[in-house]
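Nothing in this text is a laboratory measurement; each read-out follows from the coordinates by a stated rule. Please read these numbers as outputs of a predicted model, since none were measured by experiment. All Cβ positions, even for glycine, are placed from backbone atoms using ideal geometry, and neighbour counts span all protein chains on display.
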Amino acid sequence: MMELKPCPFCGTAAREIKRGKKYPAQHGVGCSNVECIIFLPGDVYVSEMSNYVWMWVNRDVMVKAWNRRKGDG
């Protein structure tokens, strides 16, 4: 299983949340720092997660997108 890098904006730990199977896009990731522009609250309603972050169907694709940094190609 691939690990998430820290937040690309502030360096704080990433927060990953998974929704239930009734949602086509189940995986979301954001920052755990309340002061960061991409903050994802730990207590967010799963039905409202897409208001905070992009959602992915596949976790591996999500991790690759999150972990990509400038200069990676």
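Some observations on this one:
- Flag if TYR45 is of a type outside the set (Val, Ile, Thr), in contact with a Gly (Cβ under 7 Å, 6 or more places away or on another chain), at negative phi and surrounded by fewer than 18 Cβ atoms within 10 Å (Cβ to Cβ): no
- Filtered residues of region 8-34 (kept if among the small types (Gly, Ala, Ser), part of a loop (DSSP other than H, G, I, E, B) and within 13 Å of the chain's Cα centre (by Cα)): ALA13, ALA25, SER32
- Test for LYS5: is it basic (Lys, Arg), more than 9 Å from the chain's Cα centre (by Cα) and part of a loop (DSSP other than H, G, I, E, B): yes
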